[in-house]
Amino acid sequence: MRGEVLHYDEDQGFGFITGADGNRYTFTRENLRRQTAMTKGTAVEFQPGGGQARDVFAIAAQAAGPAADAGTSAAPAQAAPAPAAVAPQAQHFGRAAEPTEPTDLWSYFWRGVTQNYFNFAGRARRKEYWGYCLFWTIALLVVMGIGVFADVETGNFDSAELPAMTVGLFGMFLLATFLPSLGMIVRRLHDLGLTGWLCLLILIPTFGSLIILVFALIPTQGRENQWGPVPAGVRI
């Protein structure tokens with residue numbers, strides 16, 4: 001994937017990249033394919049995964065190498081008139097780029113439980129958060145319905161035993177969606193310019209969930225912050 005360096009600290013060996021998909025990725029010195037200067041705005045290629053960029057290398061640096069070798073090895077010859085080249089326009093990534101992924105509610109939920117399953121980096125706009133919550137609730141109701149139907153058919157409700165299928169499916173669903181749900185809360189907090197550690201407020205009985213609910217209702221911070229650019233689709 002192509003991207004653009006937002007920041008890189010040479011001393012700490014740590015930085016951020018905005019990918020062409022509009023998401024923000026972290027990278028370290030160990031993720032660089034070769035030790036080159038990573039100044040802000042450098043166009044790079046990298047392999048995304050879990051909110052981190054790997055195998056990062058500068059596109060300009062790679063292209064300049066072969067060109068320099070060809071220039072030094074070629075014998076001096078009469079210069080042929082070259083056609084006037086049109087300077088390519090600078091390519092921008094992140095907020096300025098056109099959205100490369102759908103921004104409907106279902107797509108937000110599907111990406112939340114697939115490619116963003118373990119993603120605690122970047123930002124999640126308000127629509128993304130509530131789209132995830134909507135389909136998460138629908139999926140939970142479907143799972144519970146299957147469990148109740150199975151328990152009715154097996155007669156679990158007619159005995160003193162617990163409805164094993166309903167309880168089991170409910171627990172498995174919560175366990176399977178715990179990490180993507182937590183990541184969504186963290187990215188929503190990042191979208192407001194807040195630290196993701198505030199998600200621990202949810203451990204406070206009753207009041208913690210209400211505080212997270214208030215955060216989820218606040219509109220997107222209309223500028224780039226340390227966790228990435230403004231999410232695609234947000235009107236500033």
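Couple of notes before you dig in:
- Pairs of alpha carbons in the range 138-220 whose separation is greater than 18 Å (percent): 57 percent
- By a 1.4 Å probe calculation restricted to protein chains, Glu10 has an accessible surface near 100 Å², given to the nearest 10.
- FRET efficiency estimate (nearest 0.05) - Cβ-Cβ, Arg235 to Trp106, R0 30 angstrom: 0.90
- Using a probe of 1.4 angstrom and keeping all protein chains present, the accessible surface of the range 104-154 works out to 54 square angstrom per residue.
- Restricting the calculation to Cα atoms, the range 108-179 yields a radius of gyration followed by a Dmax of 15.6, 49 Å.
- Tensor-based shape of the range 187-236 (alpha-carbon gyration tensor, a/c under 1.5 rounded, otherwise prolate or oblate): prolate
- Leu217 contributes about 100 Å² of solvent-accessible surface, heavy atoms of the protein only, 1.4 Å probe.
- For Arg54, solvent-accessible area (1.4 Å; no DNA, RNA or ligand), Å²: 110 Å²
- When the residues Leu194, Leu140, Leu213 are ordered by accessible surface, computed with a 1.4 Å probe over the protein chains alone, the sequence from largest down reads Leu213, Leu194, Leu140.
The values are calculated or read from the model by the stated rules, or taken from the named source; none is laboratory data. Keep in mind it's a predicted model, so treat the numbers as computed, not measured. Quick reminder, even Gly has a Cβ in these numbers, built from the backbone with ideal geometry, and neighbours come from all protein chains shown. SASA here: full protein model, heavy atoms, side chains in, ligands and nucleic acids out. Shrake-Rupley method; radii C 1.70, N 1.55, O 1.52, S 1.80 Å.
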